[in-house]
Ligand SMILES: [Zn+2]
Ligand SMILES: [Zn+2]
Ligand SMILES: [Zn+2]
């Protein structure tokens, strides 16, 4: 061990630029540029712009309050009775109150129907519709849409909780910017202190959602609105026939809205807290489902945005290209990198891996501290998460990457998402047949 | 209380017929349709032979004499002559036999003598409660007839659909359905014992049993609504009522989202649920409320607020027969809530506490009151039955909040009385406020946001004033 450390230190002090680039090309070229330099630059621009245009924000807020449009909050779900109760009561605390709550019970087999009917009788929710037979998340949301009367639709998950001003803040972008089709809320991890697994996810969410989506939103390439918290213009959803079969319907609807030429914005101050899987096994299952949808929706269903046609828009192309590059292609490239290191730098392999972990950890810490300045609302102090940052190398670099690879392979070769029990068989069968 | 009677009353004519049959020292007075009678004119006759060919007249006559309060009339032997075929249905056991010709007279004589003998055994007790008096009349009648069972029959002539002989006739003016409570009371007293026959639901305003059940809109309570299947088109996940898919011109179903034809249920679409649309207020909903409209008084209530009652067939117990002979030993009628002290008992116990405080001077005694000012409005809405249950629940909640030595009771005016030993006023007021909040919330949440008006007060009991004075004093504060 002593020898190893000596070697490592000697290596670090003697490494030249050429050598460094040769060994860490992957980090420097892809991740360094995309996730540090561009992000940092965009965040700074965003802050500065926000400062100089703060009067526009005030005007937007005023026009929202002047109009006070009716909002339809739709909450689809199965066996969510107890959550719905808490959620409905907490929504009474929202600063913005002109909303109707529509709960769709997608074939629950527990006490949800009774709880729902009671909440309706007590006036906590406006509508409770139950499907005796499960139809899947998309159809449940669509059913809510069918009876929604609001000008904007807000899609919520029953098991999440929302900041008091969350509804107000997710609506403001519609009044702040032109041509907004949908706005995504900021999703944070509520159960971050439950286990190592949830802590790592909290860091991941902070990076990829709280920060990543500000950047994507600013670059105009935001391509997903979390199902847990999203606001949509109702007329646009009507035009699109609302949601298509999932999984991945959150991303799908966003792409469809983009294809119509509308912009998607991220509202970092519209905060929602969600519970994430607390074991790696559960997390693996969730991510396999999410990652499959990249192939199913980006690469298959919406491949047309990559090609010049009448619906072509550069921003859509860029959004897709970025997504596919950074997920699918880079994922493959990473294996090339590993092979490169294993075969070409065989003698130094242990040293290189050690150094790899050090570099990533240092950069993660730096990034975490730097970007914390841009996160308006944090669930725990920065110092709480710092001890876990070294683990992120394993979590990001290995765990998530391997899960992703497996999902891609399963979906590319077997269209595995169509067999996912997340949708009822009746819907999946049809989706597979129609290749959607 | 307005009532829509289902039968007509006949106004008696003024002519008197005096056909009388005499047989072995007994005289049978014949009463005919169209021949008028006056009830006093029946005095002195041993028995009556009623021409029952006219159903309405027969019913009127029988009900009139049987509901009379004087034993001279309501126990009088009565035979019918030329009975209408439908007569027996609701006048079962209200007459003593049929007269066809003079050859029946020896048998009738025997019946009349039996009744006379038994009638002499009957003791008339006047100082009875209202319930006891009515039940005693019923028992008297059955005793003199040697009948042991009180059977009910289905009948549209009763406003709750069933007729008990004697009881319905007596109660006509006071509301027949009260009879069920009276029978229940008599059963509790051990006079009769019942066997379940049927469960019925009664209007909580007029106790009528003729109800029209309809499914109504939960928001505006209109019954003008349409029901449609919800259709889920699998390929595009569209879901909406059947009418969204119906094509005006062609007789086929098309999906409004993807324009495809619906082909085969279970394959490309299904019907996961149904939805109702109110034509009055345009609401869409799945939870149809079931309301019952009372045909008698027109009140429209949720079925959960109807009064459930059991209709039973009763057998008269030994105690019941004795009651006919000797009068009834009835418990005093008062608001009785299980596990709670009755108000008169409470007063006695309070008096006792006051003596203790006065003589031993070691403990302080407070008397608190909680008056539920507008609770009677709720009673009108939800009916007596649900109301009694509510009072019981409220009292239980109060008991749970107090020390076990504290006494709780309620008077007939919705005022709860609580004695508090060894506590200061501040402490007591805190508890009272807690109770007040609890009641308000409980009632608000459970009874459609009914806002109950609650007053609380506490008085210090120091001197040996009369107990009634203390209660008056406290009620003034409320
Ligand atoms: Zn209605
Ligand atoms: Zn369709
Ligand atoms: Zn009625």
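Expressed to the nearest 5 percent, the antiparallel share of DSSP beta bridges inside the protein assembly as shown is 65 percent. For chain A, the longest principal axis of the C-alpha atoms and the axis of helix A:166-176 are separated by about 90°. Rounded to the nearest 10 degrees, the angle from helix A:330-344 to the longest Cα principal axis of chain A is 20 degrees. Please state the shape class of the range A:264-333: rounded when a/c is under 1.5, otherwise prolate if a/b exceeds b/c and oblate if not, all from the C-alpha gyration tensor. Oblate. The Cα atoms of chain B give a gyration tensor whose axes a ≥ b ≥ c have a/c of 1.5 or more with a/b no greater than b/c, which makes the shape oblate.
Looking at the range A:54-278, send over the antiparallel percent of its DSSP beta bridges, to the nearest 5. Here the antiparallel bridges make up roughly 30 percent for the range A:54-278.
Counted by neighbouring Cβ atoms within 10 Å, the residues B:87, A:370 run from fewest to most as A:370, B:87.
Note: the range A:265-398, Cα convex hull, 173 Å³ per residue.
For the pair residue B:86 and residue B:196, a Förster radius of 22 Å applied to the C-beta separation gives a FRET efficiency near 0.20, rounded to the nearest 0.05. The GNM of chain A, with springs linking C-alpha atoms under 10 angstrom apart, assigns the highest mean-square fluctuation among A:359, A:129, A:29 to A:29. For chain A, the normalised intensity computed at q = 0.06, 0.11, 0.12 Å⁻¹ comes to -0.27, -0.90, -1.07 (log10 of I(q)/I(0), Debye sum over alpha carbons, equal scatterers, no solvent). Shown for A:402, B:275: other C-beta atoms within 10 Å of each C-beta, ranked fewest to most, produce the order A:402, B:275. Prolate is the label for the range B:218-287, because a/c, from the alpha-carbon gyration tensor with a ≥ b ≥ c as root eigenvalues, is 1.5 or above and a/b exceeds b/c. Averaged over residues, the count of other Cβ atoms within 10 Å places the peptides A:263-275, A:15-27, B:228-240 in the sequence B:228-240, A:263-275, A:15-27, highest first. Taking every alpha-carbon pair in the range A:42-180 and binning the separations at 5 Å intervals from zero gives 2, 10, 18, 19, 17, 11, 9, 7, 4, 2, 0 percent. Averaged over the residues of A:131-143, the number of partner chain Cβ atoms lying within 10 Å of the residue Cβ comes to 6.
Report, in deg cm²/dmol and to the nearest 500, the calculated mean residue ellipticity at 222 nm for the protein assembly as shown, where each DSSP H run with n ≥ 4 adds -39500 (n - 2.57) and the sum is divided by the residue count. Taken over the protein assembly as shown, the calculation gives -13000 deg cm²/dmol.
Taking all Cα pairs closer than 8 Å and separated by 6 or more residues, the relative contact order of chain B comes to 12 percent. Packing-based ranking of A:323-332, A:2-11, A:105-114, B:130-139 yields B:130-139, A:105-114, A:323-332, A:2-11, ordered from highest to lowest mean Cβ neighbour count within 10 Å. Given a Förster distance of 51 angstrom, what is the FRET efficiency for residue B:215 paired with residue B:114, based on the Cβ-Cβ distance and rounded to 0.05? Taking R0 as 51 Å, the efficiency between residue B:215 and residue B:114 is 0.40. Taking all Cα pairs closer than 8 Å and separated by 6 or more residues, the relative contact order of the range B:216-328 comes to 25 percent. In chain A, the DSSP beta bridges split such that about 30 percent are antiparallel, to the nearest 5. Legend: mean number of C-beta atoms from other chains within 10 angstrom of residue C-beta atoms, peptide B:284-293, equals 3.
Extending 7 Å from the Cα toward the beta-carbon at both residue A:333 and residue A:82 defines two label points whose distance is 4.6 nm.
Computed from the C-beta positions of residue A:97 and residue B:449, the FRET efficiency with R₀ = 22 Å rounds to 0.75. Computed as a quarter of the hull surface, the mean projected area of the alpha carbon convex hull for the range A:155-294 stands at 8.2 nm². Kirkwood radius for the protein assembly as shown, taken over all pairs of different Cα atoms as the inverse mean of 1/r, rounds to 35.5 Å. Going from the fewest other Cβ atoms within 10 Å to the most, the residues A:376, B:225, A:427 appear in the order A:376, B:225, A:427.
For the residues of A:236-245, the average number of beta carbons from a partner chain within 10 Å of their own beta carbon is 3.
With contacts taken as Cα pairs under 8 Å and at least 6 residues apart, the range B:343-477 reaches a relative contact order of 39 percent.
Rule-based calculations on the coordinates, nothing more; no lab input. Small disclaimer: the values here were computed from a predicted structure and weren't measured. Counting neighbours? That spans all protein chains shown, and the Cβs are built from the backbone with ideal geometry, glycine included.
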